[in-house]
Amino acid sequence: MPPQFGTSGLRGRVTDLTPACVTDHVRAFAATCKTGSGLFVARDLRGSSPAIASVVMQAGQAAGLAVTDCGAVPTPALALAAMQAGAAAVMVTGSHIPADRNGLKFYTPTGEITKQDETAILAALGRDWPDLAGPPTQSADVGPVYQSRYVQGYDKALAGLRLGLYAHSAVGRDLMGDLLKALGAEVVMLGRSDTFIPVDTEAVDPATKAQLADWARAHGLDAILSTDGDGDRPLMTDENGQLIAGDVMGQITAQCLSARCVVTPVSSNTGVLAGGFTQVLRTKIGSPHVIAGMHALGGQVAGFEANGGFLLGFDAEGPAGPVPALMTRDAMLPMLALLAACGGRPVSALVAAQPARFTAADRLQDVPTLLSGRWMASMRDDAGLRAAFVANLGLKERTLDLTDGLRITCVDGRVIHLRPSGNAPELRLYVEAESPGLAQSTLMAGMDALRQIIVRA
C-alpha cells in the first residue's frame, strides 16, 4: 500500500517513502499551504529518519523556502519553535508505529494542517515544480524554547519527587530528563535503547507493563514518565508502576489549567462529562478533528485524546507562572500538571478521585484495511451480527454511535468501540468500564473474539 494520510499526517513503509514520494509531498505542501518565514524540519530517532529529513530539506530549498534544520527533537518542540518564528514545519516521524514505517507531519505557521490543507496537498501531487533554489539551510536548537514553556509555568513544582524516566528510543528523552531536573525532581533513567522501540501509549504490551511495575518497586519511585517516539503522547504511571490512561490525564490537566470547554474524541472515556466543564464536544478520532472543534468553541478551551496528547487553546496559568497556548498534541504538559496537582499525595490517590470510568485499548496488527473495512461495514449494517459479537463478551447492545467507527454502549454501561487505524493496517478496540480491572478483562475478551473473526475471514 502506498503512503497515505491518516489521522496524524502521511504514513507508509520506509521502502515506499522514496525520495521522489517525499519530495512530491513536500513540494505540494509548499505550493498549496501557507509557509510564512520558511520551513523548520526535525526528526525522531528511527533509523530511516535522518535520510528522509535530508530529502525534506532539499525539497524545501528547491521550493524556494528558507530551511532550518532543528535536528532530533520532539514534535511539539518543533511546532512551538516554528509557530513562534512564523514558519511552517515538517516532522519526520512514524510516531508509535514500527520502525519499518515512517511518515511526515505537516504544520503551517498557525499549527497542524487541516483536512482542507490535506485535500489541497493531495490534489497538487504529481506536478512538475520549478527549482527556485532557496537559501542555504540553517540550524537551530529549539529544545530550550520548549523547556522554557514549562519552567516558567512549573518552576520547582517537582521538588522532592523521585521520578523514573523510561527513555527507550523517545526523541525527547534527554531534553525531558534535563527539564525534570530543572523543575526540582530527582531523575532515574530507565530502559534507554539505541534500537527504535515503537511505544503505543494506548496499547502498552504486557511485558512493558510488568517492567514498569518492577522499576517502580525497585527504585522507590513516585511516578514513571515517558512518551511515544516523537514526544507528543505521554506515558505515565503512578507510584506503583500502574499506567494512567491518557484520557484521565487529559481531564485532570484541563481542570488544573481552568479550561472551561473541552474537546475530545469519542474514544475518550465519558468521565469528562462529569468534570464540571461548561461544554464538552466529542469528535472523530485524530488531532485535526480535535483542533477543528477547539477553533469552533474558542475561549478557554483545551483538547485531549485517549492517547494522552494534550492541546492548549488559551494562555493558561501554572502553579509558578504562565503556560502559553500550544495547539498541537503535547506530552509534557499533562504529566507535569498531574504531578504538580498531587500536592504531596500519591499519584494513585489523584487518579482514584476521578469519575469511575476507565478505558483500555489494544489493536490487531497487520489487518488489511480492505478486510477490516468490509467487516466493519457488515457490523454497522447488521444488528444481529453486532448482537452476536457483544454476546460473546456477555454483553447486550443499548445504543450505537457511528461518529468514528462503531461505538456500542451496552446495557450495563460498558462501551465497546471498534475502529480501523487511520495510520496503519490495524484494527483497534477501545473499551470503557467502571473499573480498570473490568475494562482490561473486557478488552482481553474482545481481542480474543476479534482474532477468531479475522482468522476465519
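Working only within region 360-388, note down all residues that are surrounded by 16 or more Cβ atoms within 10 Å (Cβ to Cβ), of a type outside the set (Phe, Trp, Tyr), in contact (Cβ under 8 Å) with a residue 40 or more places away in the chain and outside any loop (DSSP other than H, G, I, E, B).
Within region 360-388, 360, 361, 362, 363, 364, 369, 372, 376 qualify.
So, in region 217-236, how many residues would count as being over 16 Å from the mean Cα position of the chain (by Cα) and in contact (Cβ under 8 Å) with a residue 40 or more places away in the chain?
Initial filter on region 217-236 (over 16 Å from the mean Cα position of the chain (by Cα)): 217-224.
Those still in the list that are in contact (Cβ under 8 Å) with a residue 40 or more places away in the chain too: 219-224.
Residues in region 217-236 being over 16 Å from the mean Cα position of the chain (by Cα) and in contact (Cβ under 8 Å) with a residue 40 or more places away in the chain: 6 in total.
Yes/no matrix, rows are residues, columns are (1) aromatic (Phe, Trp, Tyr); (2) surrounded by 24 or more Cβ atoms within 10 Å (Cβ to Cβ); (3) not in a strand (DSSP E or B):
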position: 178; (1), (2), (3): no, no, yes
position: 188; (1), (2), (3): no, no, no
position: 196; (1), (2), (3): yes, no, yes
position: 204; (1), (2), (3): no, no, yes
position: 216; (1), (2), (3): no, no, yes
position: 230; (1), (2), (3): no, yes, yes
position: 240; (1), (2), (3): no, no, yes
position: 255; (1), (2), (3): no, no, yes
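Considering (1) under 20 Å from the mean Cα position of the chain (by Cα); (2) under 29 Å from residue 312 (Cβ atoms); (3) not polar (S, T, N, Q), say which one residue 29 fails and leave the rest. Failing condition for residue 29: (1).
Could we say that residue 272 is closer than 26 Å to residue 107 by Cβ, under 20 Å from the mean Cα position of the chain (by Cα) and touching a residue at least 12 places away in the same chain (Cβ under 8 Å) here? In short, no. Answer with yes or no whether residue 315 is of a type outside the set (Val, Ile, Thr), outside the structural domain of residue 231 (by TED's automatic domain parsing) and loosely packed, with under 14 Cβ neighbours inside 10 Å. Considered against the rule, which asks whether it is of a type outside the set (Val, Ile, Thr), outside the structural domain of residue 231 (by TED's automatic domain parsing) and loosely packed, with under 14 Cβ neighbours inside 10 Å, residue 315 comes out as no. Residue 79 passes every criterion in (1) surrounded by 17 or more Cβ atoms within 10 Å (Cβ to Cβ); (2) more than 17 Å from residue 287 (Cα to Cα) apart from (2). Can you tell me which of 290, 248, 262, 280 is under 24 Å from residue 414 (Cβ atoms), assigned by TED's automatic domain parsing to the domain that holds residue 189 and part of a helix (DSSP H, G or I)? Just a single option satisfies the conditions, and that option is 248.
Looking only at region 380-408, count every residue that is of a type in the set (Lys, Arg) and touching an Asp or Glu at 6+ places or on another chain (Cβ under 7 Å) and tell me the total. Quick ask: steps written out before the conclusion?
So the first thing to find is which residues in region 380-408 are of a type in the set (Lys, Arg), and the list is 380, 386, 396, 398, 407.
Filter once more, so that each one left must be touching an Asp or Glu at 6+ places or on another chain (Cβ under 7 Å): 386, 407.
Of the residues in that region, 2 qualify.
The values are calculated or read from the model by the stated rules, or taken from the named source; none is laboratory data. Because the structure is a prediction, the values reported are computed rather than measured. Cβ coordinates were reconstructed from backbone atoms using ideal geometry, including for glycine residues, and neighbour counts include every protein chain displayed.
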